[in-house]
Amino acid sequence: MDESDDSMGDQLTAELDEITAITADEEFKLQLNGEHDARPAIISIKQGAGGVDAQDWAEILFRMYLRWAERRGFKADVLDLTAGDEAGIKSAAVKVDGSHAYGYLRSERGVHRLVRLSPFDADHLRHTSFALVEVLPEPDAHEELTINPDDLKIDTFRASGHGGQNVQKNSSAVRMTHLPSGFVVSVQNERSLRQNKDIAMRILHAKLVDLEMQKRAEEQARLRGDHVSPEWGRQVRSYVLHPYQMVKDHRSAYQTSNAQNVLDGDLDDLIKASLNAQVKGPGSQGAIVIKTDRQLLPYPRNR
């Protein structure tokens with residue numbers, strides 16, 4: 001076999017790989033056919049158990065989703081950001097706008113667990129931290145809102161940036177509480193108080209619609225005899241950085257040792273595996289690929 005044969009063989013292999021990738025991607029896109037999959041997504045991250053480590057973990061997840069959006073060419077607008085007491089954040093809300101943003105991100109909903117050597121522990125002991133990720137489809141701008149104004153408590157305050165510094169002198173940020181449900185929505189993205197109120201109202205509306213959908217799903221599950229776990233009990237993914245590196249999606253059994261890549265926003269394989277598992281069932285082999293990388297470095301901390 002001469003060099004021209006080798007070159008042609010390499011070219012054919014590359015073309016076959018490209019066709020295979022395109023076919024797999026198109027097959028996957030067929031799954032993004034839910035009622036709200038084509039809409040922008042509103043993703044919220046909240047610290048869970050674990051103190052300052054949990055607040056730092058919430059910030060790491062916040063940064064991970066921003067990087068994922070950037071990788072896909074999606075637009076990400078930070079709607080709200082509450083800084084942590086010593087480090088990290090207590091909560092954040094981001095609107096992600098791009099083709100089928102909600103369809104991709106809806107699989108991220110649930111509790112995310114981190115195991116690592118704590119940078120905040122004087123003895124550098126291993127800690128487990130939790131954060132809750134909520135994902136909602138942005139309501140259609142023309143969709144009628146049916147929230148009773150008497151059910152709302154609205155507070156205004158000065159918007160602040162990361163670290164607590166004031167970014168505006170006027171009270172344009174909004175905290176909206178829905179008294180019957182206890183839902184609280186904060187928005188400080190826009191300079192206009194009215195704009196922030198409109199955004200907060202739409203997020204609250206999305207939460208209430210989602211609550212009704214959950215109630216219907218739980219009732220159907222109860223009638224089927226299925227067990228329904230509470231939101232904080234739904235650990236959807238674990239990120240282990242010590243004593244080894246592994247990210248595992250508990251719904252699909254997909255796992256990868258490329259933990260640093262995942263935290264840098266390389267989420268597509270995890271997302272696809274999770275969505276495939278929802279359609280084909282947990283552990284469906286078409287969705288499971290184990291990735292390893294022996295040259296992994298510790299997750300970089302930029303402070």
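Details
Yes/no matrix, rows are residues, columns are (1) more than 16 Å from Val247 (Cα to Cα); (2) buried (at least 22 other Cβ atoms within 10 Å of the Cβ):
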{"residue": "Val94", "(1), (2)": "yes, no"}
{"residue": "Glu108", "(1), (2)": "no, yes"}
{"residue": "Val115", "(1), (2)": "no, no"}
{"residue": "Phe120", "(1), (2)": "yes, no"}
{"residue": "Glu134", "(1), (2)": "yes, no"}
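- Count of residues meeting criterion [in a helix (DSSP H, G or I) and at pLDDT below 85] in the range 184-208: 0
- Pairs linking a residue in the range 143-166 that is more than 19 Å from Glu86 (Cα to Cα) to a residue that is in a loop (DSSP other than H, G, I, E, B) and modelled with pLDDT of 90 or more, with Cβ atoms under 9 Å and 6 or more positions apart or on different chains, are Asn148/Pro180; Asp150/Leu179; Asp151/Leu179; Asp151/Pro180; Asp151/Ser181; Leu152/Leu179; Lys153/Leu179.
- First in the range 73-93 and closer than 22 Å to Ser129 by Cβ, second anywhere and among the charged types (D, E, K, R) and in a strand (DSSP E or B), Cβ under 6 Å, 6 or more apart: Thr82/Lys90; Gly84/Lys90; Ser91/Lys46; Ala93/Asp80
- If only residues of the range 223-241 that are at pLDDT below 65 and outside any helix (DSSP H, G or I) are counted, the one that is farthest from the chain's Cα centre (by Cα) is Asp226.
- Boolean, Leu270 is over 22 Å from Asn33 (Cα atoms) and either surrounded by fewer than 16 Cβ atoms within 10 Å (Cβ to Cβ) or at pLDDT 90 or above (or both): no
- Condition check for Arg158: at negative phi and modelled with pLDDT of 90 or more: no
- Residue within the range 45-60 that is assigned by TED's automatic domain parsing to the domain that holds Gln278, touching a residue at least 12 places away in the same chain (Cβ under 8 Å) and closer than 17 Å to Glu138 by Cα present: yes
- In summary, Tyr244 fulfils each of the numbered conditions (1) modelled with pLDDT of 90 or more; (2) under 23 Å from Leu81 (Cα atoms); (3) of a type outside the set (S, T, N, Q); (4) loosely packed, with under 15 Cβ neighbours inside 10 Å with the single exception of condition (2).
- When the test is whether a residue is modelled with pLDDT under 95, under 18 Å from Arg116 (Cα atoms) and surrounded by fewer than 16 Cβ atoms within 10 Å (Cβ to Cβ), Ala49 passes it.
The values are calculated or read from the model by the stated rules, or taken from the named source; none is laboratory data. Just so it is clear, the model here is predicted, and its values are computed rather than measured. Here the Cβ is made from the backbone with ideal geometry for all residues, glycine too, and neighbour counts use every protein chain on show.
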